[in-house]
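Peer 1: Have a look at this one before I ask anything.
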Amino acid sequence: MRRVILILLILTQAMFFINYIINDGVIFFNIYVWASLSLISLIAGWRATISEPNLYENGRIHLTLSITLLLMSLMSLIFILLIVITRPYFL
């Protein structure tokens, strides 16, 4: 179950990056949602990184997914700060 949640959070983070690349004009509608989801993903990635995999889970896959989510959420938060600094009218 944790693997599914990690994959869904990774896909959601990727969706926000793709959304900004395709059409950056609509980002102000969901920048607060993106920021809150990034914080939730950061916490989930950190907790998954320090926890052990379940009994039937591969340890490498678990660690890869959790580190990927952690890095994507950090990149997302840095990107949001960059948007806030360079384009404050999106807020």
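Peer 1: Measure nothing but the geometry: give the 0 to 90° angle between the long axis through the Cα atoms of 27-50 and the longest principal axis through the Cα atoms of the chain, rounded to 10°.
Peer 2: Long axis of 27-50 versus the principal axis of the chain: about 20 degrees.
Peer 1: Where Rh is the Kirkwood radius over the Cα pairs of segment 1-85, the temperature 4 °C and the viscosity 1.567 mPa s, what D in µm²/s does Stokes-Einstein return?
Peer 2: Rounded to a whole number, D works out at 98 µm²/s.
Every number here is computed from the coordinates shown, using simple stated rules; none is lab data. Note that the structure is predicted; figures quoted are calculated from it, not measured.
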